[in-house]
Amino acid sequence: METIIELKRVRYISEFSDVLSPDELRQVAADSARNNKRDQITGLLISAGNLFFQLLEGPPSAVDECYRRIKEDPRHTNVLFLGMDVGDMERLCPDWDMKGVDLNDDSQERFALLREIMRSIQVQQMAIDRLRMGLEEAVWNEFLRVGDEPSA
């Protein structure tokens, strides 16, 4: 049984700039595993096309730094934060410095639902982003233009 310690667990989805070959995906997971071992981070990296779902867990400051690097990495776009847990808990992935899972094999019917969920989250986030931008523009036009008085 894994020891209960203070951990931070972060989950996110991002787009990679290009679809990666199976060999490139294995290399990303291997590079991540090497860095994570150094930083006492464990986790899971799932890919579907150019989408990634990742779970990172480890010491809070190490997870924060890793997630910051991911958000600043030009290979990642549209990084969507899904959730975070912090506290005394067991690791979900105690034996995986970084477990890579490639869902791109369409012959694997068991992966179809996971692929669809990842794609749906991405599409919904893009719709939310468009709505947010529309709201901000409407607020700007209605209330924040310099010299205009808000209508009552």
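The values are calculated or read from the model by the stated rules, or taken from the named source; none is laboratory data. All figures in this text were calculated on a predicted structure; none of them were measured in a lab. Here Cβ is always computed from backbone atoms with ideal geometry, including for glycine, and neighbour counts include all displayed protein chains. Calculation scope for accessible area: heavy atoms of the full protein, side chains included, ligands and nucleic acids excluded. Shrake-Rupley method; radii C 1.70, N 1.55, O 1.52, S 1.80 Å.
Computed over the chain, the Cα gyration tensor eigenvalues convert (square root of 5λ each) into semi-axes of 34, 21, 14 Å, ordered from largest to smallest. Calculate how steeply helix 60-72 sits against the longest principal axis of the alpha-carbon atoms of the chain, using the helix alpha-carbon long axis, and give the answer as 0 to 90 degrees to the nearest 10. Roughly 60 degrees, rounded to the nearest 10.
When the Cα positions of 21, 134, 86 are compared along the charge dipole of the chain, 21 comes out farthest toward the positive end, with charges on each C-beta of Lys, Arg, Asp and Glu. Per residue, region 1-149 exposes 63 Å² of accessible surface when a 1.4 Å probe is rolled over the protein heavy atoms with every protein chain present.
The charge dipole of region 38-121, taken about its Cα centre with unit charges on the Cβ of Lys, Arg, Asp and Glu (plus for the first two, minus for the last two), comes to roughly 260 debye. How far is helix 22-39 tilted off the main Cα axis of the chain, in degrees rounded to 10, range 0 to 90? Computed tilt is about 90 degrees.
Taking a ≥ b ≥ c as the square roots of the eigenvalues of the Cα gyration tensor, an a/c ratio of 1.5 or more together with a/b no larger than b/c marks region 40-102 as oblate.
When the Gaussian network model of the chain links Cα atoms closer than 10 Å, the mean-square fluctuations of 40, 124, 27 top out at 124. Length gained on full extension, residue 101 to residue 18, computed as 0.36 nm times the residue gap minus the Cα-Cα distance: 28.2 nm.
Between 0 and 90 degrees, the angle of helix 112-139 with respect to the longest Cα principal axis of the chain falls at about 30 degrees. In this rough spin-label picture, where each label sits 7 Å from Cα along the Cβ direction, the residue 140-residue 82 distance is 3.2 nm. Net charge dipole, the chain: roughly 180 debye, given to the nearest 20, about the Cα centre with Cβ charges of +1 for Lys and Arg and -1 for Asp and Glu. Could you look at region 18-152 and say what percent of its accessible area is carbon and sulfur, using a 1.4 Å probe and all protein chains? Solvent-exposed carbon and sulfur of region 18-152 make up 55 percent of the total. Sequence-ordered 3J(HN,Hα) estimates for region 4-11 from the Karplus curve with 6.51, -1.76 and 1.60 and θ = phi - 60° stand at 7, 9, 6, 10, 10, 10, 10, 10 Hz, glycine and proline given as x. GNM, the chain, Cα, under 10 Å: largest mean-square fluctuation among 109, 90, 136? The residue that fluctuates most here is 136.
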